Amino acid sequence: LAGNRATRLFRFKMSSPYNGNKGRRRGPTQKPSLEGMFDESNDDAGDRWSKNPSRPLVGASEQHKRIVTMPFPTYQNGIYDFQARCPAEVKAKFDQLNSFSGKEHTAQLEQIVKKHTPEYEKFNFNVLRNALGHLPDASRSQYFDRIFPGIVSLAKDLPGKLSHRPLVFLTPGVTLELRRDEIACLLANAYLCTFPYRDLFTSTLPTVNFITLFSGQPGKDKRESAKVEKLKCLFAYFSKAMEFGPEGEEKVSFSKVALNVKPDWENSQKPMKTFNIEELEGKIEDFEGIQVDFANKLIGGGVIGRGCQQEEIRFITCPELIAARLFTEQLEDNEALVITNFWQYSDHSGYQDDFKYEGPFTGSNNVKRTLVAIDASDFSNTNDSKLEGLVRMIFAPAELFKEELL
């Protein structure tokens, strides 16, 4: 079993030469101003949609459409156009994006977010306030004078960055490539909480907006303090992202792979190939090669919440990984997510409650990192009779996928 490759990845560029009108090739991208995209002449757009039930609302069903609902108007094929009719939820989120000037303080940010997403009324912004309140004066001034305005600018660039193609949910055997500057625009919208609401308790999709990271009771316990350190990691990321030059055009790839047949690791009699085990000291990012993420079935786990273990630390110090939450549905037992060419932006120390941000990343990003995320299984009560099966399950994936990943 270990010698057979389970699947092969195919790369293609997910772009479209069309702007939603059949037979009409799209010319150079025109970026109309955000203001006025929803003027009074379009206020009855939702009524026109409801009068024609044979044409479903854009974003009305993410699961069935296979297209991620964005915080701006699109045609049913997911292609951006400021004249496209859209449902009330998308209109509200785009209005929210238009509301930001970049000069907002935390109270104003909270007011705007809650105005356009009633489900967020129960959340506070105490962790964000605490994080900013504990920054040195110079760093706090930098946040309000440079970082937050930069986040707003990146967020408003999103329609132009992804105007030519929809963002689709991953399926096994397909690779999605996003430029670093496109990911920065996506994460800026997550910071401003402009993506349509996802209910964590009823959805097979991870949450995206950072509202759960902003909210909490600092001082209640150490885990809440760790959320403050996570925010510092995000500040470091956005500080770097708004300075992207040619590196902003580099692509990060996201692939979902799957085993078509479930191996019976415990009872297999086929010999495993030779492998070496080395005891190393240091962090996972200190070593080249494939990095394994012992993941939550909802990718990223509690990265934008209270979680602060191996997966969450990797994602918050390498925020480009967080973008996968937008388009990766719950991982099945036979699936893995492969992310390649992401950067690290923060140094860190500690684990769980003791996690600390230690400044901008001081290592090198001139390496091609690959992370393989698999939904972790609990083997804490494994007996000796199942040990061989456990060993096979741990080491066989590297053999199965090594040629596709390297």
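Close amide H pairs (under 5 Å, H built 1.01 Å from N) link Val292 with Val372, residues at least 5 positions away or on another chain. As a length-normalised measure over Cα pairs under 8 Å and 6 or more apart, the relative contact order of the range 130-225 settles at 22 percent. When you filter the chymotrypsin sites (Phe, Trp or Tyr not before Pro) in the range 242-317 for DSSP loop state and at most 13 other Cβ atoms inside 10 Å of their Cβ, you are left with Phe275, Phe287. Using C-alpha pairs under 8 Å with a sequence gap of at least 6, the mean separation divided by the residue count of the range 252-326 gives a relative contact order of 20 percent. What the phi angles of the range 122-138 give under the Karplus curve with 6.51, -1.76 and 1.60, with θ = phi - 60°, is a coupling list of 6, 8, 10, 10, 5, 5, 4, 4, 5, 4, 6, x, 9, 6, x, 3, 5 Hz, glycine and proline written as x. Our coupling estimate for the range 363-371, obtained by passing each phi through the Karplus curve with A = 6.51, B = -1.76, C = 1.60 and θ = phi - 60°, is x, 9, 9, 7, 9, 9, 7, 10, 10 Hz, Gly and Pro reported as x. For the range 255-266, 3J(HN,Hα) computed residue by residue from phi via the Karplus equation (6.51, -1.76, 1.60; θ = phi - 60°) reads 10, 10, 10, 8, 7, 6, 10, 6, x, 9, 4, 5 Hz, glycine and proline entered as x.
Pairs exceeding 24 Å between alpha-carbon atoms, taken from Lys156/Lys283; Lys156/Lys232; Lys115/Lys156; Lys122/Lys230; Lys256/Lys297: Lys156/Lys283. Between Asp375 and Ala295, the built amide H atoms are under 5 Å apart, and every one of these is 5 or more places off in sequence or on another chain. Amide H contacts under 5 Å for Glu358: Asp347, His348, Ser349, restricted to partners 5 or more places along the chain or on a different chain, H placed in the peptide plane at 1.01 Å from N.
Annotation for the range 142-248: GluC sites (Glu not before Pro) lying in DSSP loop with at most 12 further Cβ atoms inside 10 Å of their Cβ are Glu243.
Restriction of the trypsin sites (Lys or Arg not before Pro) in the range 126-213 to DSSP coil positions whose beta-carbon has at most 11 other beta-carbons within 10 angstrom yields no sites.
Coordinate-derived values only; no laboratory data. Small disclaimer: the values here were computed from a predicted structure and weren't measured. Quick reminder, even Gly has a Cβ in these numbers, built from the backbone with ideal geometry, and neighbours come from all protein chains shown.
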